[in-house]
There are 2 protein chains.
Amino acid sequence: MSFQKVLIVDDEAPIREMIKLALELEGFTCLQAQSASEALPIIVDQRPDLVVLDWMMPDVSGLDFLRRLKRDDNTREIPVIMLTAKTEENSVVNGLDAGADDYISKPFRPRELISRIQAIMRRISKMTGDGLLVVGELCLDMKGHCVFVDDQLVTMGPTEYNLLKFFMGHPDRAYSRAQLLDQVWGSNVYVEERTVDVHIRRLRKALKPAADGVDCGRFIQTVRGAGYRFSARLASL
Amino acid sequence: MSFQKVLIVDDEAPIREMIKLALELEGFTCLQAQSASEALPIIVDQRPDLVVLDWMMPDVSGLDFLRRLKRDDNTREIPVIMLTAKTEENSVVNGLDAGADDYISKPFRPRELISRIQAIMRRISKMTGDGLLVVGELCLDMKGHCVFVDDQLVTMGPTEYNLLKFFMGHPDRAYSRAQLLDQVWGSNVYVEERTVDVHIRRLRKALKPAADGVDCGRFIQTVRGAGYRFSARLASL
DNA sequence: TGCATTGGTAACGATAATGTCACATTAATA
DNA sequence: TATTAATGTGACATTATCGTTACCAATGCA
């Protein structure tokens, strides 16, 4: 639904639930899959920001699945964290070779998982350690679920909030209306593409609070014929 | 943010109960775990403000567990008090080396435990040493189990009190109804999510005592589509 | 037992959010 | 410039969410 979607791939439901619980408390949205075959369509459809992948799975091994992801252009860029049992320590090398971004050995401390995830999120996004997305005068507090423009609280609807959260997490890249619907609304709802325009409009409006205030709506740029882009840089680019 | 939840990790139930009793008399909420493996998920889910850790435990030794907590960025800051038998006096050094904030040797007087906990409270938390949570005109007395608005006693039901206590201990953060049910009601009870709304209403009402009095209900903000948030700052930071 | 307090739920009205349309405006192209 | 496609904008009906009240069950206490 929004920025910071984490897909948890593990055949053991309790482990998935524990990870999910811990991550949700930190403001992440979680998707689950109990096998590689179940995970693949989810990755394609939902495009999670991160995959937490168990090493041992019933159908395809974690390593094979990882290799497959890293071979495909469309999934290559998605960061992956591997979960390995202690007895599989040597597999870590293989995992990292195959393109995993990090690994954690089981039994693991959930806090550790969260730390690593946040580290990776920080690396790929502008997120700070405490759940703050900051771009220019714009600040989005994921924990407090609120947005500040020039240190001043601004109000917006949930959809505008999710839209902004997604944009701030994926800056400098143009997204088509269809992609935005998938990422922000969810891939299994049907709404008109033009609806995106209206919400973009509402978001821009919300980010231009006072008459004298800074117009942060400029961060959202129209890419004619393609969609919209959030960028800290202004018109040039 | 404040000391209210204390996790007691000990394999002996009578000891846990004794500590629990003493702490609850002082206004603390207690969580219990009889082993390190049981304690970990609780620490992640509930994020206690303090851990009272027995030195001798069946699965992982207290020292190992402590080291584990202190190695992780996200659990490092949680203060830990070690319980050691007299015959393990030399282990105290190890414990303090590993990052314990204090220790108490068994058999101990409950008063002693409470004093140490309060000392740690004073040292680390925002809370005053007297068990007071203060935000603006709002003051929650954990010892007296009562709430003051503008130095005037207000009455509310136990649930509203717990809700407020949780909120005041975790300000500036939005919680979903499900999370509030977990944190305030307990994670294994089933009640309707809308019930939260009603108690929020009752709490707000209780915090708006007189017609002329300050409306402290404003501290509790509705985050549409997400839940509720307690925040000292008003609309404009 | 009778009464008071508290907790959970349902119901209903108020309010905010959503999706869609019609029309205005802007940009691209010939 | 004329034309066309793409986007901006305001308004509207519908829906979802929230606030509030009322009610009943459970509990505790005299």
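The values are calculated or read from the model by the stated rules, or taken from the named source; none is laboratory data. The model shown is predicted, which means the values in this text are computed figures rather than measured ones. Virtual Cβ from ideal backbone geometry, glycine too; neighbours counted across all protein chains shown.
Table: residues versus (1) surrounded by 14 or more Cβ atoms within 10 Å (Cβ to Cβ); (2) of a type in the set (Asp, Glu); (3) in the same structural domain as A:Val147 (by TED's automatic domain parsing); (4) within 13 Å of DNA strand C (Cβ to nearest atom).
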position: A:Ser176; (1), (2), (3), (4): yes, no, yes, no
position: A:Trp185; (1), (2), (3), (4): yes, no, yes, yes
position: A:Arg201; (1), (2), (3), (4): no, no, yes, yes
position: A:Arg224; (1), (2), (3), (4): no, no, yes, yes
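When the residues of segment A:205-222 are narrowed to those that are part of a helix (DSSP H, G or I) and within 14 Å of DNA strand C (Cβ to nearest atom), which ends up modelled with the lowest pLDDT?
Out of the qualifying residues, it is A:Arg218.
Just need a number here: residues in segment A:147-171 that are over 21 Å from A:Asp197 (Cα atoms) and either assigned to a loop (DSSP other than H, G, I, E, B) or at pLDDT 90 or above (or both). Can you show your working first?
Applying the first criterion (over 21 Å from A:Asp197 (Cα atoms)) to segment A:147-171 yields A:148-153.
Cutting the leftovers down to either assigned to a loop (DSSP other than H, G, I, E, B) or at pLDDT 90 or above (or both) gives us A:150-151.
Number of matching residues: 2.
Show the residue pairs meeting these rules: Cβ distance below 7 Å; 6+ apart or different chains; first residue within segment B:177-203 and within 14 Å of chain A (Cβ to nearest Cβ); second residue within 7 Å of DNA strand C (Cβ to nearest atom) and part of a loop (DSSP other than H, G, I, E, B).
As it stands, the answer is B:Leu181/B:Val191, since those pairs meet every condition given.
Among the helices (runs of 4 or more DSSP H) contained in segment A:24-138, which hold 1 or more residues that are at pLDDT 65 or above and under 14 Å from the mean Cα position of the chain (by Cα)?
Helices (runs of 4 or more DSSP H) meeting the threshold: A:36-46, A:110-124.
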